[in-house]
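*Asks:* First the structure, which I've put down as structure tokens, then a few questions once you've had a look.
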Amino acid sequence: MTAAIRAAAALARWMPALMFLAFALAFTAYCLAFVLALAQRFPASAAALHVDAWAIAALGTALALLAPLARRDAPPSAGILAGALVGALLYLRTFGWAWLDPTAIDWLLQGDLAQHYTGWAFFRQEPWQSPPGTIATLRYPVGTSVFFTDAHPLLALLLKPFAGWLPQPFQYIGLTYLMSWTLMGASAAAVARLAVPSGPASDGRDALLVPALVALMAVLSPVMVMRIGHDTLTAQWLVVAATGLAIWRAQRLAESDAGEPRARLAWCVLAGVASLTHLYLLAMVLAVFAADRLQGLLVARSLRWRATVSDSASVLATCIPLLWLAGAFTVPRDQTLDAGNAGRWSADLTSLVDTHGVSNLAAWLPGWRMTRPEQWEGWAYLGAGALLATALAVVVLVLRRDARRVLQRSSTLWLAALGMFLFALSPLVTAAGSTLAEFESLRGISLYSLFRSCGRFVWPLHYLLLLVSLLVLARAGRLFAVPLLVFVCLLQVYDLRLHDSFGQRRVQAPKIEHAPWTDPRWTVLAEGRRHLELVSGDGCGRQAAPWLPATHLALRHGMTVNSGYVARMDRSRWERYCVLQRELLESGARRADTLYLLHAEYLDAFRAASSPAVRCETISGQHACVVDVGSLPQG
């Protein structure tokens with residue numbers, strides 16, 4: 001009997017470790033099975049997929065090696081590391097190792113990714129400007145910045161000093177995706193480990209497993225993977241980290257003022273990183289920060305006005321210089337507003353439950369048609385697992401009083417999330433594909449012109465619902481917490497087909513919207529030229545050529561170019577440039593240091609008016625002209 005008791009006690013001590021080990025092995029097998037199945041179906045891509053499989057095996061082994069730490073009260077860093085590994089594993093399963101190759105750019109030559117890469121490529125090869133994030137050679141002579149090309153200002157500014165040592169070409173967008181998935185897992189695990197100091201993890205039980213399961217739910221978020229065409233917008237870990245920090249502080253403030261300097265530093269770091277990532281993410285982080293400060297004033301009563309003002313000043317003093325550094329103020333404020341598209345890319349009242357065709361359980365879940373195609377920006381389906389977690393969390397809140405601590409003293413956080421959701425709906429409010437109301441007077445609000453994709457502001461509510469539901473389930477008691485979390489994770493994995501769909505794209509040839517011009521005659525014409533001028537440039541008349549191959553021609557030969565895809569520009573200065581360009585072309589003045597690309601409609605008039613004479617060729621379907629050196633005056 002004594003031996004049996006000792007064996008049972010030993011098994012009880014090892015049970016958390018064995019459960020975490022089972023999770024690590026099962027999740028690694030899930031990732032490996034998908035990649036190896038792709039290798040069998042697509043033999044031509046088998047070599048690259050086998051590299052992915054080895055990388056998954058290595059990370060899966062690292063995750064499994066954390067299991068012994070689950071026997072005791074593991075440090076928070078162990079849970080955060082487990083979450084980070086979960087995120088990295090899902091990245092490799094979905095996108096693969098090939099995207100991390102810094103010299104592979106073919107897959108970037110489409111949509112927004114082409115804009116982001118092009119901005120970085122021009123930025124790296126020109127001298128520093130003021131402000132440092134300025135790009136003078138793209139959309140020349142007005143220019144732009146890494147902020148308005150969404151070239152991930154943080155990485156662009158960090159890497160530019162090393163541009164001379166980096167290979168050509170060089171991209172970090174694949175690294176951006178890996179960082180987003182890894183940091184999402186780490187942030188969600190940190191919320192699970194730090195925001196719930198008691199409960200299943202308090203005595204070491206499930207101190208790794210609960211954070212890992214919460215991390216898995218976060219990295220599976222459909223909202224995140226649907227932004228794969230816009231790398232900086234996948235940095236939604238910033239919203240999760242801000243939400244977790246606010247929840248943690250709401251609980252700490254109920255006890256004391258301890259941790260206030262650390263919280264201030266954390267807010268400054270989050271806001272600073274968001275400033276150098278994307279404006280929408282910065283706005284969301286600042287909104288959650290404001291809710292956190294207000295929570296301390298209205299509820300905890302331990303945070304006074306002086307501290308609130310000091311903290312707010314610290315955050316603003318962090319954001320404003322960093323925004324300037326990235327070139328956010330190179331476009332006048334009135335030129336950043338887009339009144340014509342105010343609130344166009346909005347959310348629907350059913351955004352959180354609308355499957356939008358990505359669910360394997362679509363037959364049992366709603367899938368309404370959206371009112372406008374643009375409303376995909378506001379699509380924020382939680383997933384069947386997260387919806388079930390929300391329903392179960394309500395039951396737990398009713399049955400267990402201690403679980404309500406997650407919701408205590410965080411009313412302003414919910415108000416902030418709901419307020420952003422209402423903003424996401426736009427002045428045209430729709431539900432399940434039907435227009436409910438239209439508030440035309442609200443279109444004049446400048447925020448709708450600044451944040452024209454207002455539907456993205458549904459994300460904070462999406463993640464708040466997800467995190468709070470999972471944290472409540474984690475307090476469901478030792479007998480129920482882990483089984484419930486495991487079940488909702490399994491349901492979420494089964495429900496979502498998005499990751500499988502994106503994962504299969506790695507074996508397909510990249511879709512290039514406009515292939516680069518590779519005819520060797522371009523090299524002859526571009527030799528010795530400093531400028532590539534489209535006649536007409538973007539918005540100045542009939543566009544001479546697509547922006548992507550034109551900018552990359554300029555890029556290869558170190559020329560400026562009066563074209564490019566940017567989020568915002570100084571329209572007034574660009575309109576003045578268009579007028580000046582027309583006047584110079586009509587005068588017949590031509591520069592020997594310029595390679596001209598012309599729309600066919602302008603070609604004959606351009607030739608006839610040119611002085612000195614020009615020589616024109618048709619290359620890659622484009623009409624290119626340069627000054628005929630023989631016609632220049634001698635001496």
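The values are calculated or read from the model by the stated rules, or taken from the named source; none is laboratory data. Here the structure is a predicted model, which is why all the values come from computation and not from measurement. So basically every Cβ, Gly included, is an ideal-geometry build from the backbone, and we count neighbours across all protein chains shown. Surface accessibility is based on the protein's heavy atoms, side chains included, excluding ligands, DNA and RNA. Shrake-Rupley method; radii C 1.70, N 1.55, O 1.52, S 1.80 Å.
*Asks:* Filter the chymotrypsin sites (Phe, Trp or Tyr not before Pro) in segment 119-170 to those in DSSP coil with at most 12 other Cβ atoms within 10 Å of their Cβ, and list the result. All intermediate terms of the calculation are to be shown ahead of the outcome.
*Replies:* Details: sites: 120, 122, 123, 128, 147, 148, 162, 165, 170; in loops: 128, 147, 148, 165, 170.
Counting only loop positions with at most 12 other Cβ atoms within 10 Å, the chymotrypsin sites (Phe, Trp or Tyr not before Pro) in segment 119-170 are 128, 165.
*Asks:* Follow-up. Less than 13 Å Cβ to Cβ from residue 527, Lys/Arg counted +1 and Asp/Glu -1: what total charge do the surrounding residues give?
*Replies:* Working: positive: 521, 529, 530, 556; negative: 593.
Its environment carries a net charge of +3.
*Asks:* Expressed as cubic angstrom per residue, what is the convex hull volume of the alpha carbon set of the chain?
*Replies:* In the chain, the Cα convex hull volume per residue is 185 Å³.
*Asks:* Next question, about the same structure. Quick check: net charge around residue 502, other residues with Cβ under 14 Å of its Cβ, Lys/Arg +1 and Asp/Glu -1?
*Replies:* On the way: positive: 93, 227, 497, 505, 506, 511; negative: 52, 231, 500.
So the surrounding residues net to +3.
*Asks:* Plugging the Kirkwood radius over Cα pairs into Stokes-Einstein for segment 520-627, at a temperature of 25 °C and a viscosity of 0.890 mPa s, what D comes out in µm²/s?
*Replies:* Details: Rh = 13.9 Å.
Translational D for this selection: 176 µm²/s.
*Asks:* With a 1.4 Å probe and every protein chain left in place, tell me how much accessible area residue 451 has, in Å² to the nearest 10.
*Replies:* Probe radius 1.4 Å; accessible area of residue 451 about 20 Å².
*Asks:* Continuing with this model, one more query. Given 451, 557, 609, which one lies farthest toward the positive end of the charge dipole of the chain, if we put +1 on the Cβ of every Lys and Arg and -1 on the Cβ of every Asp and Glu?
*Replies:* The residue sitting farthest along the positive end of the dipole is 451.
*Asks:* Rolling a 1.4 angstrom probe over the protein heavy atoms, how many square angstrom per residue are accessible across segment 95-249?
*Replies:* 26
*Asks:* Suppose a student asked you for the relative contact order of segment 106-162, using Cα pairs under 8 Å spaced at least 6 residues apart; what percent would you report? Intermediate results must be reported in sequence, preceding the final value.
*Replies:* On the way: 62 pairs, mean separation 18.5, N = 57.
Contact order relative to length: 32 percent.
*Asks:* Could you work out how far helix 111-124 tilts from the main Cα principal axis of the chain, as a 0 to 90 degree angle to the nearest 10?
*Replies:* The helix 111-124 is inclined about 70 degrees to the chain.
*Asks:* Placing unit charges on C-beta atoms (Lys and Arg positive, Asp and Glu negative, everything else neutral), compute the dipole magnitude of the chain about its Cα centre in debye, rounded to 20. Mind dumping the intermediate values first?
*Replies:* Values: 52 positive and 40 negative charges, 369 e Å.
Once rounded to the nearest 20, the dipole reads 1780 debye.
*Asks:* With a 1.4 Å probe and every protein chain left in place, tell me how much accessible area residue 112 has, in Å² to the nearest 10.
*Replies:* In the full protein context, residue 112 sits at about 50 Å².
*Asks:* Excluding residue 97 itself, what net charge comes from residues whose Cβ is under 10 Å from its Cβ, given Lys and Arg +1 and Asp and Glu -1?
*Replies:* Details: positive: 506; negative: 52, 101.
Taking every other residue near residue 97 into account, the sum is -1.
*Asks:* Okay, next question. Please list, ordered by chain and number, the residues whose modelled amide H lies under 5 Å from the amide H of residue 428; skip anything fewer than 5 residues away on the same chain.
*Replies:* Close amide H contacts, sequence-distant or interchain: 439.
*Asks:* Hand me the trypsin sites (Lys or Arg not before Pro) from segment 452-484 located in a DSSP loop with no more than 15 other Cβ atoms within 10 Å, in residue order please.
*Replies:* Numbers: sites: 452, 456, 475, 478; in loops: 452, 475, 478.
Answer by residue number: 478.
*Asks:* On C-alpha positions alone, give me the angle between the axis of helix 384-399 and the longest principal axis of the chain, in degrees, nearest 10.
*Replies:* The helix 384-399 is inclined about 40 degrees to the chain.
*Asks:* May I ask for the angle, rounded to the nearest 10°, between helix 260-275 and the longest principal axis of the chain, with both axes built from Cα atoms and the value confined to 0 to 90°?
*Replies:* Approximately 30 degrees, to the nearest ten.
*Asks:* Turning to a different aspect of this structure: So what is the relative contact order of the chain, in percent, for Cα pairs below 8 Å that sit 6 or more residues apart? Each step should come with its number before you reach the end.
*Replies:* Working: 1100 pairs, mean separation 96.2, N = 635.
Computed over the chain, the figure is 15 percent.
*Asks:* Still on this model: Run the lone-cysteine check on the chain: no other Cys C-beta under 4.7 Å from the residue's C-beta.
*Replies:* Lacking a cysteine Cβ partner under 4.7 Å: 31, 268, 319, 454, 489.
*Asks:* Using amide H atoms built in the peptide plane, which far-off residues or other-chain residues are under 5 Å from residue 97 H to H?
*Replies:* 52
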